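S.K.: Pasting a structure here, questions to come.
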Amino acid sequence: MDSVIAPLCLFIPLNCNNNKKKSYYCYYNSNHTVDISTKNKIRFSVPSSAGIFNLKKFTAVSFRYDHRYRRGSSGCLRRAVMESSNSASSPDMQKPKIVTGPGGYVLEDVPHLSDYIPDLPTYPNPLQDNPAYSVVKQYFVHVDDTVPQKIVVHKDGPRGVHFRRAGPRQRVYFDSDEVHACIVTCGGLCPGLNTVIREIVCGLYHMYGVKKVLGIDGGYRGFYAKNTVHLDPKVVNHIHKRGGTILGTSRGGHDTSKIVDSIQDRGINQVYIIGGDGTQGGAAVIFEEIRRRGLKVSVVGIPKTIDNDIPVIDKSFGFDTAVEEAQRAINAAHVEADSIENGIGLVKLMGRYSGFIAMYATLASRDVDCCLIPESPFYLEGPGGLFEYIEKRLKENGHMVIVIAEGAGQELLSESIQSMTLKDASGNKLLQDVGLWISQRIKDYFTKQRKIPINLKYIDPTYMIRAIPSNASDNVYCTLLAQSAVHGAMAGYTGFTSGLVNGRQTYIPFYRIIEKRNSVVITDRMWARLLSSTNQPSFLCLKDSIEDTGDEEQSDQLLENGHCGEEGSLISKR
């Protein structure tokens, strides 16, 4: 053991002698914290075998604390930013890998193990001897293959942002016999979870000859609080026919230090994390800690969300299945509404922040008269409101079907609840289900105010649509995602999410997946297609319709961020 004294960071002398100025490598230990405004020093004991890689050589070093990279107590990702006296830039552990080229070409590349571990050995890809792939010409992906984020461009415009194309490489950075992989599922359920698990296991086993695969039981917490499950092709053979996840899942439980300690102690060197944007954010923190420790561990994410709200990718797996299952509820609502005078069928679908399921289920159904989503504000009473539209529809057709996403109308719901006095045992105001709430409001309005008898049937298939096995389309998609993830991990890539971009499998850096939430753009053509299909209004802001119904300039404004505008002008012309 070598003991040294250093402020905040550990200096390790390199090639020091009496005739030359001392040079140092800097190693930062995030488990120690120092007030850098003082001259306090900490003594570190470091084993001579400490894995310190890719650290820059400096003749003189000063330090400052960069608060942009401060994490919470669970993340513990504080870092020192090194500044040399000769203005040499330091390696930025979280700086995106950007490659530029002619014509405005930008590649947002993903990290690689060789970025921080030098002189890694490589091996021939076992697929070259696999008879299943012997008939495939040019099966290995070329190192320069990339996929554009946007495919609609102008001839004189820039080539734009690209992502690295997924697929097997000629050389791999793991010997198959040394691979010890693990799989974990986090967050809510989604059709296709078991299919992804199955295909990761079978892909590792059949394509690369990997025999050691663990399942982490119960989400992130399972890394350090629960037992693991041995996975092989026999164990996972039929799981794709079941809903849910055989590994169990949970929310929270993300203790970065404990998770990485468990990974290190178990000798795991490939981590496959299946989950939504929050889970992928956790995966990014795990990757950074693994990179900080200099471990040869690939961290791979597979995006999962029933709401389809993960950015960049074309869609998330399980979404097609959810939309298909939602049709059953909509069909039932239509039958109920059509079979009785003034019948209203109301269906609540999942979509806390993004209304993709409601929108696509409406477009697929053709029986829906009104679709309400979080991205498109609406109001109930007054000219141009929802009640007026329902009354008009009932007079024209004698029945009506409404689809509402669970996150729609939350502002209206909050205003209503503010006047309520019911509280739970902790003193918190009781919140209502938006479907039940709007059902009651519709009943009260028509029976008490308008004196019009209606028959409303409320159907809530919320958790039914995510608890079923994936359909054929999603099964194929899950297979591609899983195999692409396996190819990427074996090729030494890490800190990435496997996703579909413009119909091509790609590797996307974590920061792009977690930077924002994907949502329905109500000024886009797809929402216009829905309005055309349902013939519903876009709902003007109430104050605009009352104050100045003749102001064409005002009615042509676009709806954006919940404010008045765009398609609201359509309602006054219907």
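S.K.: Within segment 449-460, can one find any residue that is of a type in the set (A, V, I, L, M), surrounded by 15 or more Cβ atoms within 10 Å (Cβ to Cβ) and within 22 Å of Ile246 (Cα to Cα)? Quick ask: steps written out before the conclusion?
M.R.: Kept after step one, since they are of a type in the set (A, V, I, L, M), are these residues of segment 449-460: 452, 454, 456, 459.
Remaining after also requiring surrounded by 15 or more Cβ atoms within 10 Å (Cβ to Cβ): 454, 456, 459.
Imposing the further condition that a residue be within 22 Å of Ile246 (Cα to Cα) reduces the set to none.
The answer is no; no qualifying residue exists.
S.K.: Looking at segment 376-399 only, could you name the residues that are within 21 Å of Met359 (Cβ to Cβ) and open to solvent by 30 Å² or more (accessible area, probe 1.4 Å)?
M.R.: Across segment 376-399, the qualifying residue is only Pro377.
S.K.: Can you find a residue that is farther than 22 Å from Tyr463 by Cβ, without any contact (Cβ under 8 Å) to a residue 24 or more places away in the chain and of a type outside the set (Gly, Ala, Ser) anywhere in segment 243-255?
M.R.: Filtering segment 243-255 down to residues farther than 22 Å from Tyr463 by Cβ leaves 254-255.
Filter again for without any contact (Cβ under 8 Å) to a residue 24 or more places away in the chain, leaving none.
No, segment 243-255 contains no residue that is farther than 22 Å from Tyr463 by Cβ, without any contact (Cβ under 8 Å) to a residue 24 or more places away in the chain and of a type outside the set (Gly, Ala, Ser).
S.K.: Looking for something crowded, with 24+ Cβ neighbours inside 10 Å and basic (Lys, Arg) - is there at least one such residue anywhere in segment 304-313?
M.R.: Taking every residue of segment 304-313 in turn, at least one turns out to be crowded, with 24+ Cβ neighbours inside 10 Å and basic (Lys, Arg).
S.K.: All but one of (1) more than 15 Å from Ile313 (Cα to Cα); (2) not in a helix (DSSP H, G or I) hold for Gly488, so report the exception by its number.
M.R.: Result: Gly488 passes all but (2).
S.K.: Of all residues in segment 327-343, count the ones that are on the phi > 0 side of the Ramachandran plot and either exposed (fewer than 15 other Cβ atoms within 10 Å of the Cβ) or among the β-branched types (Val, Ile, Thr) (or both).
M.R.: 0
S.K.: While we're here: Return the pairs, sorted by first residue and then second, in which the second residue is polar (S, T, N, Q) and open to solvent by less than 10 Å² (accessible area, probe 1.4 Å), the first residue lies in segment 458-472 and is farther than 14 Å from Cys190 by Cα, the beta carbons are less than 8 Å apart, and the residues are 6+ apart or on different chains.
M.R.: Tyr458/Ser439
S.K.: Evaluate segment 201-214: report whether one residue or more is in contact with a Lys or Arg (Cβ under 6 Å, 6 or more places away or on another chain), touching a residue at least 24 places away in the same chain (Cβ under 8 Å) and open to solvent by less than 10 Å² (accessible area, probe 1.4 Å).
M.R.: no
S.K.: Right, here's the next one. When segment 93-148 is examined, which residues are found to be part of a helix (DSSP H, G or I) and touching a Pro at 6+ places or on another chain (Cβ under 7 Å)?
M.R.: Passing the criteria: Gly103, Gly104, Leu127.
S.K.: Okay, moving on. Please go through segment 234-243 and give me each residue that is farther than 9 Å from Pro469 by Cβ and either acidic (Asp, Glu) or surrounded by 14 or more Cβ atoms within 10 Å (Cβ to Cβ) (or both), ordered by number.
M.R.: Quick first cut of segment 234-243, residues farther than 9 Å from Pro469 by Cβ only: 234-239.
Of everything in segment 234-243, those that are farther than 9 Å from Pro469 by Cβ and either acidic (Asp, Glu) or surrounded by 14 or more Cβ atoms within 10 Å (Cβ to Cβ) (or both) turn out to be Val235, Val236, Ile239.
S.K.: Among the listed residues Thr497, Thr479, identify the single one that is in contact (Cβ under 8 Å) with a residue 24 or more places away in the chain and open to solvent by less than 10 Å² (accessible area, probe 1.4 Å). Talk me through it step by step, then tell me what you get.
M.R.: On the way: Thr479 fails: open to solvent by less than 10 Å² (accessible area, probe 1.4 Å).
None of the others qualify; the one that does is Thr497.
S.K.: Looking at segment 156-178 only, could you name the residues that are in a loop (DSSP other than H, G, I, E, B) and open to solvent by less than 20 Å² (accessible area, probe 1.4 Å)?
M.R.: Ala166, Gly167, Pro168, Phe174
S.K.: Let me ask another. So for segment 125-140 (the condition being among the β-branched types (Val, Ile, Thr), exposed (fewer than 12 other Cβ atoms within 10 Å of the Cβ) and either touching a His at 6+ places or on another chain (Cβ under 6 Å) or touching a residue at least 24 places away in the same chain (Cβ under 8 Å) (or both)), does at least one residue qualify?
M.R.: no
S.K.: Assuming Gly278 fulfils every condition listed in (1) part of a helix (DSSP H, G or I); (2) small (Gly, Ala, Ser); (3) within 21 Å of Leu193 (Cβ to Cβ); (4) at pLDDT 95 or above apart from one, which condition is it?
M.R.: (4)
S.K.: So if I check each of Ala322, Ala283, Ala326, Ala337, which one is in contact with a Leu (Cβ under 6 Å, 6 or more places away or on another chain), in contact (Cβ under 8 Å) with a residue 24 or more places away in the chain and hydrophobic (A, V, I, L, M, F, W, C)?
M.R.: Working: Ala322 fails: in contact with a Leu (Cβ under 6 Å, 6 or more places away or on another chain); Ala283 fails: in contact with a Leu (Cβ under 6 Å, 6 or more places away or on another chain); Ala337 fails: in contact with a Leu (Cβ under 6 Å, 6 or more places away or on another chain).
Only one candidate passes the filter, namely Ala326.
The values are calculated or read from the model by the stated rules, or taken from the named source; none is laboratory data. Computed from a predicted model, the values in this text were never measured in an experiment. Counting neighbours? That spans all protein chains shown, and the Cβs are built from the backbone with ideal geometry, glycine included. Ligands, DNA and RNA are stripped out before the accessible areas are found, and what is left, the full protein with its side chains, is counted by its heavy atoms. Shrake-Rupley method; radii C 1.70, N 1.55, O 1.52, S 1.80 Å.
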